[in-house]
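Q: Take this structure, written in structure tokens, and hold onto it; I'll ask about it next.
The values are calculated or read from the model by the stated rules, or taken from the named source; none is laboratory data. None of these values were measured; they are calculated from a predicted model. Cβ sites come from the backbone with ideal geometry, for glycine too, and all protein chains shown count toward neighbours.
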Amino acid sequence: MPGRMERMRAERRASGEASFFYREVAFNADAVKVMPGEYFVHSEDLVITTTLGSCIAACLWDRQAAVGGINHFMLPGDGASDDGGRYGSCAMELLINALIKRGATRRTLEAKVFGGAALIAGNGALNVGQRNTSFVLDYLRTEEIPLVSQDVLGPYPRKVCFFPKTGRAMVRRLPPAQREAAIALDQDARRRASASAAGSIDLF
């Protein structure tokens, strides 16, 4: 009989839904990795992970329904109609709608927010991490979703682990040795995000 990971790999996934399943050694647990522009929602005792530079991950959890999920967006605002979860507005709606399909309600959601780092110093007003952070905090205020914790801004790339059954989130600030890899991933993600809107975003 196939195990849970095999069953989850075989399930049909919606556009933008994460599909990289693996074993997270640190927790000896089944896991799914959310890449830039993706999201994932579940209610079982697995772990959802993502790695962030200037991008933002919003972890939303419904205490009553015991279901939670993460998104990973690269740029603030709306983007083009076909940008999916790469831009903040669409990423938040994709995540919320997926949670509602699993029994959550907007009025019982709570949020934890991570990311928004400034990996390259001296960008001033062009700091994408700051803009992403401002966007998600404003969005949560507008939607009246309580923010219960955050670890944002600063110079650190981060790895986030979220447990959707309990709402627990853990964050690890990555060491300098992993900084260059995080910068490269960050820049590549934002290039792909802005490909359909050339000139609208200043990349660094």
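Q: If the requirement is being at pLDDT below 95, charged (D, E, K, R), crowded, with 23+ Cβ neighbours inside 10 Å and more than 17 Å from residue 43 (Cβ to Cβ), which of these qualifies: 83, 78? Give the steps one after another, and end with the answer.
A: Values: 78 fails: crowded, with 23+ Cβ neighbours inside 10 Å.
Unique residue meeting the criteria: 83.
Q: Say we look at the range 50-62 and pick out the residues that are at pLDDT 95 or above and more than 9 Å from the chain's Cα centre (by Cα); which of these is farthest from residue 169 (Cα to Cα)?
A: 62
Residues are listed down the side, and each one gets a yes or a no for (1) aliphatic (A, V, I, L, M); (2) within 20 Å of residue 144 (Cα to Cα); (3) surrounded by fewer than 18 Cβ atoms within 10 Å (Cβ to Cβ):
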position: 31; (1), (2), (3): yes, no, no
position: 50; (1), (2), (3): no, no, no
position: 55; (1), (2), (3): no, no, no
position: 59; (1), (2), (3): no, yes, no
position: 63; (1), (2), (3): no, yes, yes
position: 103; (1), (2), (3): no, yes, yes
position: 115; (1), (2), (3): no, no, no
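Q: For the range 7-61, which strands (runs of 3 or more DSSP E) that fit wholly inside it have 3 or more residues that are touching a residue at least 40 places away in the same chain (Cβ under 8 Å) and β-branched (Val, Ile, Thr)?
A: Numbers: elements: 20-24, 29-33, 39-42, 47-52.
Strands (runs of 3 or more DSSP E) meeting the threshold: 47-52.
Q: Continuing with the same structure: Restricting attention to the range 109-118, does a residue exist that is among the charged types (D, E, K, R) and modelled with pLDDT under 95?
A: Taking the range 109-118 and keeping what is among the charged types (D, E, K, R), we get 110, 112.
Subset that is modelled with pLDDT under 95: none.
No, every residue in the range 109-118 fails to be among the charged types (D, E, K, R) and modelled with pLDDT under 95.
Q: Give the residue, chosen from 96, 100, that is of a type in the set (Val, Ile, Thr), more than 21 Å from residue 159 (Cβ to Cβ) and touching a residue at least 24 places away in the same chain (Cβ under 8 Å). Give the derivation first.
A: Details: 100 fails: touching a residue at least 24 places away in the same chain (Cβ under 8 Å).
Going through 96, 100 in turn, just one is of a type in the set (Val, Ile, Thr), more than 21 Å from residue 159 (Cβ to Cβ) and touching a residue at least 24 places away in the same chain (Cβ under 8 Å): 96.
Q: Right, here's the next one. Residue under question is residue 168, and the condition is that it be at pLDDT 95 or above and in contact with a Cys (Cβ under 9 Å, 6 or more places away or on another chain); does it hold? Steps first, please.
A: On the way: at pLDDT 95 or above: yes; in contact with a Cys (Cβ under 9 Å, 6 or more places away or on another chain): yes.
So residue 168 fits the description; yes.
Q: May I pose another question? Output the number of the condition that residue 92 fails; it satisfies all remaining conditions of (1) more than 18 Å from residue 35 (Cβ to Cβ); (2) surrounded by 14 or more Cβ atoms within 10 Å (Cβ to Cβ); (3) modelled with pLDDT of 95 or more.
A: (1)
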